[in-house]
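What follows draws every value from the coordinates through simple rules; no lab data is involved. The structure presented is a predicted model; accordingly, all values stated were derived computationally and were not measured. A quick note on method: Cβ atoms are made from the backbone with ideal geometry, for glycine too, and the neighbour counts reach across all protein chains shown.
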Amino acid sequence: MAKRSFQQVNWTPGATADTTNLANGSFMHLGGGSATQLINVIELYEAGMAGASSPTFMEWARETTIPANQSALAAPASDGPLSPATAALAAPPISATAVAGGTGPQRSASTSDARLQLGLNAFGGIVRWVAAPGEEWGILGNTADLGGAVLSAYTGGTVGAINSHIIYEPY
Amino acid sequence: MADLPVFTRLVQVPSTRSFRERSREGYLLVDHTASPGMAKDLAGLSTGEGTKVELPTVRCGHCPSAYVINPWRQRERGHCFKCHHRLCDECAIAYKINKICRPWVQVVDDVKSGKTETPVLARSLGPGI
């Protein structure tokens, strides 16, 4: 029960349709580490790093397919506690940007699943979403749809590089 | 004080209630002050070149979804008078039909305690259940 930051630097989301496996390196997945784990997502931040105009249709969405065989994070991506006094969790949340020979996450197309539209022009654009205390985006358990969420780009535009972080708190 | 609007009178009267609905609002910033921005037909909002948009967001009381408050909305917004929380459209429609209040915190508690194996939202329950 401590706030953590999952971040990735200078990555280019792949413009991908709903219910389609997201390619390695084109997403940021956050999911429950156990069947009963609750994750409260507190903040999402994206800063455009592209060198030319790049409308990028970013979405924070639920998943109809939770990724399998997630690869360990590779630098410069990271996931760590904000407080140095944080104890290790018995069941750490799953944060991933790639899968190893498994199935990538699929963004839900359900009309009853929530999404946050966080589109920006990656040529200098900035998007930040912060939840009020007690009103965070919830991820519960580790099965679809409520057990995982993914930051990725919808089809269209000309995706550009961004820096991004997700501040969250697992329980 | 009698000639003031009702709301003004209410906020001026000392009350034991310290809760304000706005305290539940989140914050969305879309800053294109140094960017070509997005065309309106692409983003759904006016986030073109040189613009900076700040909007409140809220979380539904019955599911863990956050959504942007549309300032131009004319239809009534969903609200649960049992848990006194705003509802998203999906949960608001279900609430009108089944009248079931099952707050998100209860959904979490039920999964944590093993009462339900997976999250069971109010909108997935039928009338009379």
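Fewest first, what order do B:Tyr95, A:Tyr45 take by the number of other Cβ atoms within 10 Å? Show your work: numbers first, answer last.
Details: B:Tyr95 22, A:Tyr45 19.
The order, fewest Cβ neighbours first, is A:Tyr45, B:Tyr95.
Starting with the fewest neighbours, write out B:Glu25, B:Glu76, A:Glu46 ranked by other beta-carbon atoms found within 10 Å of each beta-carbon.
With the fewest neighbours first, B:Glu25, B:Glu76, A:Glu46 line up as B:Glu76, B:Glu25, A:Glu46.
Taking Rh as the Kirkwood radius computed over C-alpha pairs, what is the Stokes-Einstein D of region B:73-129 at 20 °C in a medium of viscosity 1.002 mPa s, expressed in µm² per second? Show your work: numbers first, answer last.
Numbers: Rh = 12.0 Å.
After rounding, the answer is 179 µm²/s.
Can you give me the long-range amide H partners of A:Glu63? Hydrogens built in the peptide plane at 1.01 Å from N, cutoff under 5 Å, separation of 5 or more residues or another chain.
Close amide H contacts, sequence-distant or interchain: A:Ser108, A:Gly148.
Apply the Karplus curve 6.51 cos²θ - 1.76 cosθ + 1.60, θ = phi - 60°, to the phi angles in region A:44-58 and return the couplings in whole Hz, x for Gly and Pro.
10, 9, 9, 10, x, 10, 5, x, 8, 4, 9, x, 10, 8, 6
Per-residue HN-Hα couplings for region A:13-23, Karplus 6.51 cos²θ - 1.76 cosθ + 1.60 at θ = phi - 60°, whole Hz, x for Gly and Pro?
Whole-Hz 3J(HN,Hα) from phi for region A:13-23: x, x, 5, 10, 6, 4, 6, 10, 4, 7, 6.
Mind listing the long-range amide H neighbours of B:Ser65? Cut-off is under 5 Å, sequence gap 5 or more, other chains count too, H placed in the peptide plane at 1.01 Å from N.
Amide H to amide H, under 5 Å and 5 or more residues apart or across chains, B:Ser65 pairs with B:Cys60.
Tell me the relative contact order for region B:48-129 as a rounded percent, counting alpha carbon contacts under 8 Å between residues six or more apart.
Contact order relative to length: 25 percent.
In nm², what is the average projected area of the convex hull enclosing the Cα atoms of region A:33-72?
Values: hull surface 20.2 nm².
Average of the hull's projected areas for region A:33-72 equals 5.1 nm².
Is the shape of the protein assembly as shown rounded, prolate or oblate, going by the alpha carbon gyration tensor and its root eigenvalues a ≥ b ≥ c, with a/c under 1.5 for rounded and a/b larger than b/c for prolate? Write down the numbers at each step before the final one.
Numbers: a/c = 1.70, a/b = 1.21, b/c = 1.40.
It comes out oblate by the Cα gyration axes.
Cα-Cα pairs above 25 Å in region B:22-129: how many percent?
Working: 2118 of 5778 pairs.
Summing the P(r) tail past 25 Å for region B:22-129 gives 37 percent.
Find the relative contact order for region A:1-131 and round it to a whole percent, using C-alpha pairs within less than 8 Å whose residues are 6+ positions apart. It would help to have the intermediate numbers written out before the result.
Numbers: 243 pairs, mean separation 57.7, N = 131.
Once normalised by length, the contact order is 44 percent.
Rg to Rh ratio, region A:1-152, alpha-carbon atoms and Kirkwood radius? Spell out each step's value before the answer.
Numbers: Rg = 14.9 Å, Rh = 15.8 Å.
Looking at region A:1-152, the ratio lands at 0.94.
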